[in-house]
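The values are calculated or read from the model by the stated rules, or taken from the named source; none is laboratory data. Predicted model, so just to flag it, every value in this text is computed and none were measured. Note that we place each Cβ from the backbone using ideal geometry, even for glycine, and neighbour counts take in every protein chain shown.
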Amino acid sequence: MTIPLALWQTMSTLIVDGVCDRFPNLNFAAIELGASWLPSWMKFLDASYGAFLKGEDRLKNLSAKPSEIARRQFKATPYPHEDTRWIIENSGEDMLLFSSDFPHIEGGRNPLKRFSDSLAGVSDVVAQKFYRDNFIALMGAGLDVSLHDHPGVR
C-alpha cells in the first residue's frame, strides 16, 4: 500500500521546485511500483497547486499545472493485475509503459493477455503508445533508432 509514497514526495518536489521546468528534457519513470496511484497523485498535485498558488512564488513560476508537467516528463509501469485502461483514461495516454517481470511471480503467468484484456476497446494508437511509443519517448536519443520501428511490435 505504501510503495509509491516516497516516489510521490520525490516527484512532487521535482515538479513544484521547478526542476522539471529547468530541465525539460529530463524524464522520469517509476518502474516496478505499479501505477494505480498515478491519477490520485496528479489530483493531489493540482489540488495543492490551486490551494497554495496565491502565496507561493515557485508555484506561480511553473510552466503549467503540476499534472501537465507530470504528463510531459513522467511515466510509470502498471502491474499486469491493475486496470491499465482506467489508469490511462484518468492520467493520460502518454504516461504508461508496458513492462513485465515474467517469469517472476509478480510478472504474472500471462502478462500480455492481462494487459491486452485490460486494454480492450482502446484505440490502436493508445495501445501502441502503451506497448512501444511511450518507451521510445522516455528513452529519446538513448534508444537506437533501429529499435524505434520494430516490425511486429504493437
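See the values below:
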read-out	value
Which numbered condition L138 fails, given (1) surrounded by 13 or more Cβ atoms within 10 Å (Cβ to Cβ); (2) more than 28 Å from N25 (Cβ to Cβ); (3) touching a residue at least 12 places away in the same chain (Cβ under 8 Å)	(2)
Subset of the range 1-44 (residues that are of a type in the set (S, T, Y) and part of a helix (DSSP H, G or I))	T10, S12, T13, S40
Hey, K54 surrounded by fewer than 18 Cβ atoms within 10 Å (Cβ to Cβ) and not polar (S, T, N, Q) or not	yes
Qualifying positions in the range 78-120 - under 15 Å from W37 (Cα atoms) and aromatic (F, W, Y)	Y79, W86
Test for W41: is it at pLDDT below 95, closer than 19 Å to N90 by Cα and under 15 Å from the mean Cα position of the chain (by Cα)	no
Residue count, the range 86-105 (criterion: crowded, with 18+ Cβ neighbours inside 10 Å and touching a Gly at 6+ places or on another chain (Cβ under 7 Å))	0
Residue under evaluation D83, criteria (1) within 20 Å of P4 (Cβ to Cβ); (2) in contact (Cβ under 8 Å) with a residue 40 or more places away in the chain; (3) out of contact with any Ser or Thr (no Cβ under 7 Å at 6 or more places or on another chain), criterion not met	(3)
Any hit, the range 17-24, residues being in contact with a strand residue (DSSP E or B) (Cβ under 7 Å, 6 or more places away or on another chain) and surrounded by fewer than 17 Cβ atoms within 10 Å (Cβ to Cβ)	no
Scope the range 92-111; condition over 19 Å from I136 (Cα atoms) and either modelled with pLDDT of 85 or more or assigned to a helix (DSSP H, G or I) (or both); matching residues	I105, E106, G107, N110, P111
Pairs where the first residue, in the range 22-46, is of a type in the set (F, W, Y) and the second is crowded, with 18+ Cβ neighbours inside 10 Å, C-beta under 7 Å, 6+ apart	F28/M11; F28/Q73; F28/F74; W37/P4
Single condition A47 does not satisfy, out of (1) surrounded by 17 or more Cβ atoms within 10 Å (Cβ to Cβ); (2) of a type in the set (A, V, I, L, M); (3) within 20 Å of G92 (Cα to Cα)	(1)
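Conditions tested, residue by residue: (1) within 15 Å of the chain's Cα centre (by Cα); (2) surrounded by fewer than 18 Cβ atoms within 10 Å (Cβ to Cβ); (3) free of Cβ contacts under 8 Å to residues at least 60 places away in the same chain; (4) within 24 Å of D17 (Cα to Cα).
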| position | (1), (2), (3), (4) |
| --- | --- |
| S67 | yes, no, yes, yes |
| Q73 | yes, no, yes, yes |
| Y79 | yes, no, yes, no |
| G107 | no, yes, yes, no |
| V125 | no, yes, yes, no |
| Y131 | yes, no, yes, no |
